[in-house]
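Have a look at the structure below, then the notes.
The values are calculated or read from the model by the stated rules, or taken from the named source; none is laboratory data. What you see is a predicted model, and the numbers here were worked out from it, not measured in a lab. Here the Cβ positions follow ideal geometry from the backbone for every residue, glycine too, while neighbour counts run over all protein chains shown. Remember, those area values only see protein heavy atoms, side chains included, never the ligands or the DNA or RNA. Shrake-Rupley method; radii C 1.70, N 1.55, O 1.52, S 1.80 Å.
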Amino acid sequence: MVSKIRLSESKIKLLPIPKSKQVDTYSDCDPPNAKNRISVPGLYLTVSSTCVKSFVLRKKFQGRTRVITIGQHPGVNVDTARKIAKLHMQDMAQGIDPVLRKKAEDTRNITLSSCFEDYLKNRELSKNTISNYKTVFDLHLHDWKRKPLITITRDLVRKRHKKLSLVSATSANKTMRVLRAIFNFANGQYENERGDGLFPHNPVTVISHNKQWNRETRRATRIADTDLKAWFDAVSMLESELSAVHQDYFVFLLLTGLRRREATSLKWSDINFKNKSFTIEVTKNHRPITLPLSDYALVLLEIARERRVNTEYVFHGLDIKASLKEPKRQVKRVQDMSGVAFMIHDLRRTFISIAESLDISMYAIKAIVNHGTTSGDVTAGYVVWDIERLRKPMQNITDYILKCAEIKPSAQIVEFESQRI
């Protein structure tokens, strides 16, 4: 129930304290016979059972009731509460939502770090993307973490990009792309008092306007056919607590062309040994894919399953319940022993290059590596591939790799297994 009184300091002091868990409300209202009207319609004082007294303004704005907290008494006295209430009413008369204005005032000081955290929470990003973004942020934007977004100007962005470019053109571009994404998110996430985006002008656009984006050369390295034997020999000689897992992981990547995280996320439940196929549920383009296993890859997995009981992931880490982490040390050891310089993603490039050299249909290659089709390729959109149509191309690629590596056909894979530590 709301009681009507003309609010004053003396009356507020005499107001009774309500019973437990109750709140009494008093509306600022002049007496009917008052000569001077000083009350503000819509101004209320609430009194809780804990003796907390608060001023609030309740007003209709564009068909909706707005409730604005003005402040607690006695920190805010009656005269101040009325002045603040009148200012809010003036804003509403001009079409300004006071609730949005207060929200905008709070978010105007939001820091880059806080916005980045909101961005990661509210975007559907893969674990790999999140990890990459965090690495970029920590390496190149760490000194801006506590800087309010509103203070990050075009000039600051231009200078930071130029400074980073002196060290790495690619890292400079990548950092600016992450920063641009954060500002785009902020403009959609935070509103000003009129309901518009709080950051409509993305400062990173200065890089495009000044045509300062660095030219990036796409990495095009692969393992040469003549180096495959040395590479396989080095892989077979790996010595570690997870040597067999690492060996299988490297070979499986080369024989399937999978991305590294697609392979490490593979579970035994994703392998269909009867149908000689496997399924990747989480992919870069968010399209699950089922692919055939070549004979060699199938036997490799069969032997691995017999050896790794009670494991969920095909390629597990030291914790058998977790997937394998990026084996940087093992890559380095293979490089040192074989003399073949390679990175994990080079195995995928090698697979694709070999497939192309065997005159395998480009549509089939795209289907196997889950590249999809380009928007301009109308014909490709009508081509539907099942795993059996892809089985022969997959087997041909494996056979070629094994021939180059001077490894016997799949039936003799045990000989390769016997060399493991």
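Among the residues of the range 209-222, is any of a type in the set (A, V, I, L, M, F, W, C), loosely packed, with under 13 Cβ neighbours inside 10 Å and in contact with a helix residue (DSSP H, G or I) (Cβ under 8 Å, 6 or more places away or on another chain)? Yes: the range 209-222 contains one or more residues that are of a type in the set (A, V, I, L, M, F, W, C), loosely packed, with under 13 Cβ neighbours inside 10 Å and in contact with a helix residue (DSSP H, G or I) (Cβ under 8 Å, 6 or more places away or on another chain).
So that you can scan it fast, the table gives a plain yes or no per residue for (1) surrounded by 18 or more Cβ atoms within 10 Å (Cβ to Cβ); (2) at pLDDT 90 or above:
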site	(1), (2)
E281	no, no
N285	no, no
I289	yes, no
L293	yes, yes
F315	yes, yes
P327	yes, yes
K332	no, yes
Q335	no, yes
M343	no, yes
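Let me spell it out: the conditions are (1) open to solvent by less than 40 Å² (accessible area, probe 1.4 Å); (2) acidic (D, E); (3) over 16 Å from Y249 (Cβ atoms), and D359 meets all of them except one. Which number is the exception? For D359, the exception is condition (1). Taken together, the criteria exclude V299 from residues that are touching a helix residue (DSSP H, G or I) at 6+ places or on another chain (Cβ under 7 Å) and buried (at least 21 other Cβ atoms within 10 Å of the Cβ). In the range 57-80, the residue that is surrounded by the most Cβ atoms within 10 Å (Cβ to Cβ) out of those that are within 14 Å of L43 (Cβ to Cβ) and in contact with a Pro (Cβ under 9 Å, 6 or more places away or on another chain) is L57.
When V47 is tested against (1) farther than 30 Å from F183 by Cα; (2) part of a loop (DSSP other than H, G, I, E, B), just one condition goes unmet, and that condition is (2).
Taking the criterion of being open to solvent by 20 Å² or more (accessible area, probe 1.4 Å) and assigned to a loop (DSSP other than H, G, I, E, B), the residues of the range 4-29 that qualify are R6, S8, L15, P16, I17, K19, S20, K21, Q22, C29.
Scanning the range 234-257 for residues that are touching a helix residue (DSSP H, G or I) at 6+ places or on another chain (Cβ under 9 Å), open to solvent by 10 Å² or more (accessible area, probe 1.4 Å) and in a loop (DSSP other than H, G, I, E, B) returns M237, E239, S240, L242. Among all positions in the range 260-274, there is at least one residue which is in contact with a Leu (Cβ under 7 Å, 6 or more places away or on another chain), open to solvent by less than 10 Å² (accessible area, probe 1.4 Å) and either under 30 Å from D319 (Cβ atoms) or at pLDDT below 90 (or both).
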